[in-house]
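Here is the structure we will look at.
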Amino acid sequence: MFTPISRNLWRWSTPDPEDHWMMVGHLIQTEKGVVLIDPPMRPELPGALQVLGGVLAIILTTHDHTRGARYLSKIFHTPIYVPEQSSLKILRFAGVDNPVFYNEATPLPLNLHAVRCIVPLPVWQSEANPYIDEMLLILPEHVIATGDLVMGSETASLLACPEGFNDPADKDKVKASLKVFADKLPPQSTTLLASHGKDIIGNLPQQLHSRLQDQP
(Lines give C-alpha, C1' and ligand atoms only; values in the text may rest on other atoms or scores of the structure.)
Protein backbone atom coordinates (compact mmCIF):
# COMPACT_ATOMS: atom_id res chain seq x y z
CA MET A 1 0.00 0.00 0.00
CA PHE A 2 3.05 2.27 0.28
CA THR A 3 4.65 3.95 -2.73
CA PRO A 4 8.39 4.74 -2.49
CA ILE A 5 9.55 8.31 -2.96
CA SER A 6 13.21 8.05 -2.01
CA ARG A 7 15.36 6.11 0.42
CA ASN A 8 13.35 5.47 3.64
CA LEU A 9 10.54 7.76 2.47
CA TRP A 10 7.10 6.47 1.43
CA ARG A 11 3.57 7.72 0.69
CA TRP A 12 0.03 6.34 0.64
CA SER A 13 -3.36 7.84 -0.11
CA THR A 14 -7.10 7.39 0.28
CA PRO A 15 -10.17 9.34 -0.92
CA ASP A 16 -11.49 12.00 1.42
CA PRO A 17 -14.91 10.72 2.53
CA GLU A 18 -16.33 14.24 2.61
CA ASP A 19 -14.95 15.70 -0.61
CA HIS A 20 -13.51 14.97 -4.06
CA TRP A 21 -9.75 15.03 -3.39
CA MET A 22 -7.26 12.44 -2.18
CA MET A 23 -5.75 12.59 1.29
CA VAL A 24 -2.06 11.69 1.30
CA GLY A 25 0.13 10.52 4.16
CA HIS A 26 3.89 10.08 4.32
CA LEU A 27 6.19 8.01 6.46
CA ILE A 28 9.86 8.12 7.25
CA GLN A 29 11.29 4.67 7.90
CA THR A 30 13.98 4.01 10.50
CA GLU A 31 15.46 0.84 11.95
CA LYS A 32 13.26 1.21 15.04
CA GLY A 33 9.96 2.16 13.42
CA VAL A 34 8.40 4.96 11.41
CA VAL A 35 7.40 8.60 11.81
CA LEU A 36 4.12 9.56 10.14
CA ILE A 37 3.13 12.91 8.63
CA ASP A 38 -0.59 13.75 8.30
CA PRO A 39 -1.64 10.07 8.16
CA PRO A 40 -5.00 9.24 6.54
CA MET A 41 -6.58 5.99 7.72
CA ARG A 42 -6.96 2.79 5.71
CA PRO A 43 -8.09 -0.58 7.10
CA GLU A 44 -4.80 -2.30 6.28
CA LEU A 45 -2.61 0.56 7.58
CA PRO A 46 -2.04 -0.59 11.21
CA GLY A 47 -0.86 -4.03 10.09
CA ALA A 48 1.47 -2.59 7.47
CA LEU A 49 2.95 -0.18 10.01
CA GLN A 50 3.44 -3.01 12.50
CA VAL A 51 5.53 -4.88 9.93
CA LEU A 52 7.73 -1.78 9.64
CA GLY A 53 8.37 -1.78 13.41
CA GLY A 54 5.47 0.32 14.62
CA VAL A 55 5.01 4.09 14.90
CA LEU A 56 7.47 6.26 16.80
CA ALA A 57 5.61 9.56 16.36
CA ILE A 58 2.87 11.27 14.37
CA ILE A 59 3.38 14.84 13.15
CA LEU A 60 0.54 17.00 11.84
CA THR A 61 1.18 20.06 9.69
CA THR A 62 -2.22 21.53 10.62
CA HIS A 63 -5.10 20.82 12.97
CA ASP A 64 -7.25 20.11 9.91
CA HIS A 65 -5.23 16.95 9.20
CA THR A 66 -6.01 14.88 12.29
CA ARG A 67 -7.23 12.13 9.94
CA GLY A 68 -6.20 8.74 11.40
CA ALA A 69 -3.88 10.21 14.03
CA ARG A 70 -6.05 9.50 17.08
CA TYR A 71 -6.66 5.87 16.13
CA LEU A 72 -3.02 5.16 15.24
CA SER A 73 -1.78 6.92 18.36
CA LYS A 74 -3.88 4.66 20.56
CA ILE A 75 -2.80 1.50 18.78
CA PHE A 76 0.92 2.30 18.89
CA HIS A 77 0.96 4.40 22.09
CA THR A 78 2.73 7.20 20.30
CA PRO A 79 2.62 11.02 20.64
CA ILE A 80 0.84 13.29 18.19
CA TYR A 81 2.77 16.50 17.47
CA VAL A 82 0.53 19.39 16.41
CA PRO A 83 1.34 23.06 15.62
CA GLU A 84 1.07 25.26 18.71
CA GLN A 85 -1.37 27.57 16.89
CA SER A 86 -3.85 24.71 16.47
CA SER A 87 -7.43 25.07 17.65
CA LEU A 88 -8.12 23.04 20.78
CA LYS A 89 -11.76 22.86 19.78
CA ILE A 90 -10.93 21.23 16.46
CA LEU A 91 -8.45 18.84 18.06
CA ARG A 92 -10.89 17.75 20.75
CA PHE A 93 -13.66 17.26 18.21
CA ALA A 94 -11.29 14.88 16.39
CA GLY A 95 -10.50 13.06 19.63
CA VAL A 96 -6.92 14.32 19.93
CA ASP A 97 -7.00 14.99 23.67
CA ASN A 98 -3.33 14.98 24.64
CA PRO A 99 -1.30 16.51 21.79
CA VAL A 100 2.33 17.57 21.95
CA PHE A 101 2.35 21.16 20.74
CA TYR A 102 5.33 22.25 18.70
CA ASN A 103 6.67 25.47 17.23
CA GLU A 104 9.64 26.47 15.07
CA ALA A 105 12.07 25.96 17.97
CA THR A 106 10.75 22.57 19.12
CA PRO A 107 13.04 19.54 18.61
CA LEU A 108 11.01 17.14 16.48
CA PRO A 109 11.56 13.40 15.93
CA LEU A 110 14.36 12.52 13.50
CA ASN A 111 15.63 16.11 13.72
CA LEU A 112 12.84 17.45 11.53
CA HIS A 113 12.36 21.23 11.66
CA ALA A 114 9.22 23.34 11.34
CA VAL A 115 8.63 26.67 9.61
CA ARG A 116 5.36 28.48 10.28
CA CYS A 117 3.47 29.63 7.19
CA ILE A 118 0.72 32.24 7.61
CA VAL A 119 -1.41 33.53 4.72
CA PRO A 120 -3.52 36.48 5.89
CA LEU A 121 -6.01 36.59 3.01
CA PRO A 122 -8.89 37.12 2.51
CA VAL A 123 -8.61 40.69 3.71
CA TRP A 124 -11.74 40.57 5.85
CA GLN A 125 -10.24 37.99 8.17
CA SER A 126 -8.44 39.20 11.27
CA GLU A 127 -4.79 38.54 12.07
CA ALA A 128 -5.99 36.13 14.74
CA ASN A 129 -7.86 34.12 12.11
CA PRO A 130 -5.70 33.98 8.96
CA TYR A 131 -6.65 32.19 5.77
CA ILE A 132 -3.90 29.59 6.29
CA ASP A 133 -1.75 29.00 9.37
CA GLU A 134 0.21 25.76 9.24
CA MET A 135 3.70 24.30 9.51
CA LEU A 136 6.06 23.46 6.70
CA LEU A 137 8.27 20.54 7.75
CA ILE A 138 11.91 20.30 6.69
CA LEU A 139 13.15 16.73 6.16
CA PRO A 140 16.63 15.50 5.22
CA GLU A 141 17.93 15.48 1.65
CA HIS A 142 16.22 18.71 0.50
CA VAL A 143 12.69 17.42 1.11
CA ILE A 144 9.85 19.48 2.59
CA ALA A 145 6.27 18.63 3.57
CA THR A 146 3.23 20.93 3.61
CA GLY A 147 -0.40 20.66 4.61
CA ASP A 148 -2.77 22.78 2.51
CA LEU A 149 -0.54 25.67 1.43
CA VAL A 150 0.64 24.00 -1.79
CA MET A 151 0.24 20.60 -3.44
CA GLY A 152 0.78 18.80 -6.72
CA SER A 153 -1.82 18.44 -9.45
CA GLU A 154 -2.58 15.09 -11.10
CA THR A 155 0.29 15.88 -13.46
CA ALA A 156 2.58 16.77 -10.53
CA SER A 157 2.63 20.48 -11.32
CA LEU A 158 2.62 22.92 -8.41
CA LEU A 159 -0.74 24.18 -7.18
CA ALA A 160 -1.28 26.85 -4.52
CA CYS A 161 -4.17 26.88 -2.12
CA PRO A 162 -7.04 27.11 -3.03
CA GLU A 163 -6.36 25.76 -6.55
CA GLY A 164 -6.46 22.17 -5.43
CA PHE A 165 -9.79 22.62 -3.68
CA ASN A 166 -11.83 25.18 -5.64
CA ASP A 167 -12.44 25.69 -9.33
CA PRO A 168 -12.15 28.45 -10.21
CA ALA A 169 -9.75 29.44 -7.45
CA ASP A 170 -9.56 32.94 -5.98
CA LYS A 171 -6.57 34.54 -7.73
CA ASP A 172 -5.68 36.75 -4.76
CA LYS A 173 -5.53 33.71 -2.45
CA VAL A 174 -3.41 31.80 -4.95
CA LYS A 175 -0.98 34.68 -5.30
CA ALA A 176 -0.73 35.13 -1.53
CA SER A 177 -0.20 31.42 -0.93
CA LEU A 178 2.56 31.22 -3.53
CA LYS A 179 4.30 34.27 -2.08
CA VAL A 180 4.30 32.83 1.44
CA PHE A 181 5.54 29.48 0.16
CA ALA A 182 8.35 31.15 -1.81
CA ASP A 183 9.35 33.26 1.21
CA LYS A 184 9.41 30.30 3.60
CA LEU A 185 10.87 27.61 1.34
CA PRO A 186 14.37 26.62 2.54
CA PRO A 187 17.17 27.07 -0.01
CA GLN A 188 18.10 23.98 -2.01
CA SER A 189 14.70 22.31 -1.43
CA THR A 190 13.94 20.07 -4.40
CA THR A 191 11.07 17.80 -3.36
CA LEU A 192 7.59 18.53 -2.00
CA LEU A 193 5.58 15.99 -0.01
CA ALA A 194 1.98 17.11 -0.43
CA SER A 195 -0.90 16.14 1.84
CA HIS A 196 -3.22 16.30 -1.18
CA GLY A 197 -2.56 15.37 -4.80
CA LYS A 198 0.81 14.40 -6.24
CA ASP A 199 4.21 14.91 -4.69
CA ILE A 200 6.68 17.03 -6.66
CA ILE A 201 9.95 15.16 -6.80
CA GLY A 202 13.24 16.74 -7.84
CA ASN A 203 12.08 19.84 -9.70
CA LEU A 204 10.32 21.93 -7.05
CA PRO A 205 12.44 25.09 -7.66
CA GLN A 206 11.59 25.06 -11.37
CA GLN A 207 7.92 24.51 -10.65
CA LEU A 208 7.82 27.38 -8.16
CA HIS A 209 9.71 29.73 -10.47
CA SER A 210 7.27 28.98 -13.28
CA ARG A 211 4.24 29.66 -11.07
CA LEU A 212 5.68 32.92 -9.77
CA GLN A 213 6.33 34.08 -13.32
CA ASP A 214 2.68 33.43 -14.16
CA GLN A 215 1.39 35.74 -11.41
CA PRO A 216 0.41 39.28 -12.49
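For this structure, a couple of remarks:
- When the criteria are applied in full, Leu208 meets the requirement of being of a type in the set (A, V, I, L, M), within 18 Å of the chain's Cα centre (by Cα), part of a helix (DSSP H, G or I) and buried (at least 16 other Cβ atoms within 10 Å of the Cβ).
- Failed condition for Asp214, given (1) among the acidic types (Asp, Glu); (2) touching a strand residue (DSSP E or B) at 6+ places or on another chain (Cβ under 7 Å); (3) at pLDDT below 90: (2)
- The one condition in (1) touching a Leu at 6+ places or on another chain (Cβ under 8 Å); (2) within 27 Å of Gly202 (Cα to Cα); (3) buried (at least 20 other Cβ atoms within 10 Å of the Cβ) that Pro99 fails to fulfil: (2)
- Residues that are in a loop (DSSP other than H, G, I, E, B), touching a residue at least 40 places away in the same chain (Cβ under 8 Å) and farther than 17 Å from Phe93 by Cβ do not occur anywhere in the stretch 62-74.
- With respect to the conditions (1) of a type in the set (A, V, I, L, M); (2) under 26 Å from Ala182 (Cα atoms); (3) free of Cβ contacts under 8 Å to residues at least 60 places away in the same chain, Ala94 falls short on a single one, namely (2).
- Residue match in the stretch 113-129 (condition: part of a loop (DSSP other than H, G, I, E, B), modelled with pLDDT of 95 or more and farther than 24 Å from His209 by Cβ): no
- If you go through the stretch 144-199 and keep only what is in contact with a helix residue (DSSP H, G or I) (Cβ under 9 Å, 6 or more places away or on another chain), more than 20 Å from Pro120 (Cα to Cα) and not in a loop (DSSP other than H, G, I, E, B), you end up with Ile144, Gly152, Leu158, Thr191, Leu192.
- Spans of strands (runs of 3 or more DSSP E) in the stretch 1-50 with at least 1 residues in contact with a Lys or Arg (Cβ under 9 Å, 6 or more places away or on another chain): 3-6, 9-15, 22-30
- Residue pairs meeting the criteria (Cβ under 6 Å; at least 6 apart or on separate chains; first over 13 Å from Ser153 (Cα atoms), in the stretch 163-175; second aromatic (Phe, Trp, Tyr)): none
- Matching residues in the stretch 76-90 - criterion: being part of a helix (DSSP H, G or I) and loosely packed, with under 15 Cβ neighbours inside 10 Å: Leu88, Lys89, Ile90
The values are calculated or read from the model by the stated rules, or taken from the named source; none is laboratory data. Here the structure is a predicted model, which is why all the values come from computation and not from measurement. All Cβ positions, even for glycine, are placed from backbone atoms using ideal geometry, and neighbour counts span all protein chains on display.
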